[in-house]
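Have a look at the structure below before the remarks.
Coordinate-derived values only; no laboratory data. This one's a predicted model, so the numbers in the text were calculated from it and none came from an experiment. Heads up, the Cβs are rebuilt from the backbone with ideal geometry, glycines too, and the neighbour counts pull from every protein chain shown.
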Amino acid sequence: MKKVIDGLVIKEIPYGENDRLLTVITADEGKILFCAKGARSPKSKLLPLCRIFTYANFEYYERSGRKWLSGGSVNDSFFALNSDISGFALASYVLQLADEITGEGVPCPKVLQMTLNTLYAIENKLKPLPLIKAAYEIFAINDSGFAPDVTECCECNVQSSEKGYFLDVMNGHIICQACMDKRSANAVALPVDRFQTSNILVPIDEMSRRAWQYVLCAEPKRIFAFGFPDKDTLFAFARSTETYLINHLERDFETLKFYHTVKEE
Ligand SMILES: [Zn+2]
């Protein structure tokens, strides 16, 4: 029996002699693996459905425990992503993160919507790429259930500090500069190594703290609606989101390394 579903291609690999295997994220069924028979042939009618970044309505049938693609129609191919190397690199990283935070058979309507919005924002250059990247990273952190508490200093509960904070990555909270100074003063007998993997502290200023808080609470369609007055503060914010995410996921992303080699700043 033929079935149809809307989804976004996040990965495609050659399979066998002439086929392709697609990983697609869908709202209701999470991640789906499709076999596209004959799709390595340039004449295959399935070819337009088999490119990464393609959001399409897929037609398929199930046989021998597999889902076989039989046809479909493309809703959006995000084709312009292919014309800008840093945008392409960031979009590839976003798809790899989407792959990481979704599972087969686990509905993920928010991840699908956010990923589509993010590809659109990158393609149309709605915001600087480091901002779009940071917002998606915070979304992934939040969706995976390990968001930090950035509302107040974990020790003195101050809610706004012009002197700035440290983001305590592994403990998921922030500590203000004044409390950090006190900690340092009291730590003469037992020095704290700020760069131990178990105790990663990333400096963030008040503006970054507010940006974290904003993105954690924002509606999906408003998630990129914030900004920074200059590049340095934006880059410091972006460093904090990447450090937090990578240390919680405990893995490397080759697409992230690629992004850092080609990004324009
Ligand atoms: Zn404090």
- Just need the relative contact order of region 3-76 here, percent rounded to a whole number, with Cα pairs under 8 Å and 6+ apart. 31
- Query: Which value, in debye to the nearest 20, describes the size of the charge dipole of region 56-151 about its Cα centre when Lys and Arg Cβ atoms bear +1, Asp and Glu Cβ atoms bear -1, and nothing else is charged?
  - Reply: 140
- Dipole magnitude of region 120-265 about its Cα centre, charges +1 at Lys/Arg Cβ and -1 at Asp/Glu Cβ only, in debye to the nearest 20? 180
- Message: If the elastic network links every pair of Cα atoms under 10 Å, which of 35, 217, 50 fluctuates the most in the Gaussian network model of the chain?
- Response: 217
- Descending semi-axes in Å of region 3-76, equivalent ellipsoid built from Cα gyration tensor: 17, 14, 11
- Dividing the mean separation of Cα pairs under 8 Å (6+ apart) by the residue count of region 128-265 yields a relative contact order in percent of 30
- Among all the lysines, which ones have a C-alpha under 24 Å from residue 257's C-alpha, if same-chain residues fewer than 8 places away are not counted? 11, 125, 127, 133, 231
- When the Karplus curve 6.51 cos²θ - 1.76 cosθ + 1.60 is applied with θ = phi - 60°, which whole-Hz ³J(HN,Hα) does each residue of region 250-255 get, with x for Gly and Pro? 6, 7, 9, 10, 5, 5
- Message: Looking at the chain only, what percent of DSSP beta bridges run antiparallel? Nearest 5 please.
- Response: 90
- Per the helix-only model, the chain has a calculated mean residue ellipticity at 222 nm (DSSP H runs of ≥4, -39500 (n - 2.57) each, divided over all residues, rounded to the nearest 500) of -12000 deg cm²/dmol
- Query: So what's the angle, to the nearest 10 degrees on a 0 to 90 scale, between helix 109-123 and the longest Cα principal axis of the chain?
  - Reply: 90
- Message: In Å and on Cα atoms, what radius of gyration and Dmax does the chain show?
- Response: 21.2, 72
- Query: What net charge is computed for the residues neighbouring residue 144, neighbours being all others with C-beta under 14 Å from the C-beta of residue 144, Lys and Arg scored +1, Asp and Glu -1?
  - Reply: -3
- Item | Student exercise, the chain dipole from Lys, Arg, Asp, Glu Cβ charges, in Debye to nearest 20 | 920
- Message: For residue 200, what residues show an amide H to amide H distance below 5 Å, using hydrogens built from the backbone and excluding near sequence neighbours?
- Response: 169, 170
- Determine which residues of region 1-38 fall in the zone a paramagnetic label at residue 45 would reach in this model, i.e. backbone nitrogen under 20 Å from the point 7 Å along Cα→Cβ. 1-7, 18-22, 34-38
- Query: Excluding the sites themselves, what is the longest stretch of the chain that contains no trypsin sites (Lys or Arg not before Pro) in a DSSP loop with at most 13 other C-beta atoms within 10 Å?
  - Reply: 46-124
- Query: Any idea how far the Cα center of region 223-237 sits from the one of region 53-84, in Å?
  - Reply: 35
- Acute angle (nearest 10 degrees) that the helix 177-186 long axis makes with the longest principal axis of the chain, alpha-carbon atoms: 60
- In sequence order, what are the phi-derived ³J(HN,Hα) couplings for region 8-18 according to the Karplus relation 6.51 cos²θ - 1.76 cosθ + 1.60 with θ = phi - 60°, rounded to whole Hz, with x for glycine and proline? 10, 6, 9, 7, 9, 9, x, 9, x, 7, 9
- Summing +1 for each Lys or Arg and -1 for each Asp or Glu, what net charge is found among the other residues whose Cβ lies under 11 Å from the Cβ of residue 204? 0
- Task: For region 128-265, just run the numbers: alpha carbon Rg, then divide by 2.2 N^0.38 Å, N being how many residues it has.
- Result: 1.06
- Item | Dipole of the chain [Lys/Arg +1, Asp/Glu -1 at C-beta], most positive-end residue of 34, 106, 150 | 34
- Item | Derived scalar couplings ³J(HN,Hα) [region 213-230; Karplus, 6.51 cos²θ - 1.76 cosθ + 1.60; whole Hz; x for Gly, Pro] | 4, 4, 5, 4, 9, 6, 5, x, 6, 10, 5, 9, 8, 8, x, 10, x, 8
- Query: Tell me, what is the percent relative contact order of the chain, built from C-alpha pairs under 8 Å that lie six or more residues apart?
  - Reply: 16
- Item | Order of 24, 111 under a 10 Å beta carbon neighbour criterion, fewest first | 111, 24
